[in-house]
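Reviewing the structure listed below.
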Amino acid sequence: MHYVYILCCADGSLYTGYAKDVDDRFSHHNAGKGAKYTRSRLPVQLVAYWSFPTKSAALKEEYRIKQLTRSKKLKLVEEWKD
């Protein structure tokens, strides 16, 4: 499986990424070994993730989410929690 996830950084900003293993990637982010963006915004919290059968589908969704406004990303997170 392939995953798209959203993290909430310590400064309140949101980060969207792709991973094959969400737990491992989340650990890397919090260890300061993840994306450059999150390294200076630690710690991060995993607030939502979605699974996809193919890498292509996941990367398309990651791109789509990254184009959304902050408020729309927060709405996605709330919908995921329900």
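Points to keep in mind about this one:
- The string of couplings for segment 5-15 from the Karplus curve (6.51, -1.76, 1.60, θ = phi - 60°) is 9, 10, 10, 9, 7, 4, 7, x, 6, 10, 10 Hz, one whole number per residue in order, with x for Gly and Pro.
- A cut-off under 13 angstrom between Cβ atoms defines the neighbours of L42, and their net charge, with Lys, Arg +1 and Asp, Glu -1, is +3.
- Amide H contacts of A48 (H built 1.01 Å from N, under 5 Å, at least 5 apart or other chain): I6
- Loop-located trypsin sites (Lys or Arg not before Pro) in segment 4-82, at most 13 other Cβ atoms within 10 Å (DSSP): K20, K33
- Segment 2-81 - percent relative contact order, Cα under 8 Å, separation 6 or more: 36 percent
- Gyration tensor (alpha-carbon) shape descriptor, the chain, a/c threshold 1.5: oblate
Laboratory data are not the source of any read-out in this text; all were calculated from the coordinates shown. If you're wondering where the values come from, they're calculated on a predicted model, not measured in any experiment. Glycine also receives a Cβ, built like all others from the backbone with ideal geometry; neighbour counts cover every protein chain displayed.
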